[in-house]
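Beneath this line is the structure, given in structure tokens, with notes to follow.
The values are calculated or read from the model by the stated rules, or taken from the named source; none is laboratory data. Computed from a prediction, not measured in an experiment: that's the story for all the values here. A quick note on method: Cβ atoms are made from the backbone with ideal geometry, for glycine too, and the neighbour counts reach across all protein chains shown.
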Amino acid sequence: MLFKPTYVFDKAGDITPGFLKKHNIKGLILDLDNTLTTHNNPAPPQSSLDWIGRMKSSGIKLMIVSNNHAPRVTPFAGQLGIDFVSEGKKPLTFGYTKAIEKLGLEKKNVAAVGDQIFTDVLGSNLKGIRSIFVFPIEPETGFWFRVKRKIEKAFLPENPIR
Ligand SMILES: [Mg+2]
């Protein structure tokens, strides 16, 4: 099912190194907006910095793949000390392909974390990697965003991993 995430967490910060090890995930492809910080916010929250620190010290390899433009992604990724692919055009798969190459891992050992079914989850499934859906840090308020979120609900389990 192309729109179904493999795993669901409330937020990225809830994903633990233990969970990843158990599921043989050695690298994470991270969405940026509404996954690591609020939309177009240039600053990562302390919680994201702490989580990324935990991931790095556990040996989990990280790579950002964002649909946003280089001027947005470059300084943000720099603050986190993570390499990135910008203008990823998710759900197309070439951004993931490039990211997996940069990670130097086999795709069976990579999962992608993101807050949107129709970009992050669909793109991961098209690429054939596991997806970890997280709920958006700050739900968007525009009409079409709300419509989209309603449709997304159909693909989400009632009880995310907490
Ligand atoms: Mg996002």
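Restricted to helices (runs of 4 or more DSSP H) entirely inside the stretch 11-95, no element has at least 3 residues that are closer than 16 Å to ARG130 by Cα and at pLDDT below 95.
Let's see how each residue does on (1) β-branched (Val, Ile, Thr); (2) away from the ligand (no atom under 15 Å from the Cβ); (3) in contact (Cβ under 8 Å) with a residue 40 or more places away in the chain:
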position: MET1; (1), (2), (3): no, yes, yes
position: ASP14; (1), (2), (3): no, yes, yes
position: LYS21; (1), (2), (3): no, yes, no
position: LEU36; (1), (2), (3): no, no, yes
position: LEU49; (1), (2), (3): no, yes, no
position: HIS69; (1), (2), (3): no, no, no
position: PHE76; (1), (2), (3): no, no, yes
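Residues being assigned to a helix (DSSP H, G or I) and more than 12 Å from LEU30 (Cα to Cα) are entirely absent from the stretch 128-138. The criterion of being free of Cβ contacts under 8 Å to residues at least 24 places away in the same chain, within 16 Å of the ligand (Cβ to nearest atom) and basic (Lys, Arg) holds for LYS89.
If the condition is being surrounded by fewer than 19 Cβ atoms within 10 Å (Cβ to Cβ), touching a Ser or Thr at 6+ places or on another chain (Cβ under 8 Å) and among the aliphatic types (A, V, I, L, M), then the stretch 21-52 contributes only ALA43.
Look through GLU152, GLU138 and report the one residue that is farther than 17 Å from LEU36 by Cβ and acidic (Asp, Glu). Going through GLU152, GLU138 in turn, the sole match is GLU152.
With respect to the conditions (1) among the β-branched types (Val, Ile, Thr); (2) over 21 Å from GLY53 (Cβ atoms); (3) in contact with a Pro (Cβ under 7 Å, 6 or more places away or on another chain), ILE100 falls short on a single one, namely (3). Among the residues of the stretch 106-119, those identified as touching a residue at least 24 places away in the same chain (Cβ under 8 Å) and either in a helix (DSSP H, G or I) or surrounded by fewer than 17 Cβ atoms within 10 Å (Cβ to Cβ) (or both) are LYS108, ASN109, ILE117, PHE118, THR119.
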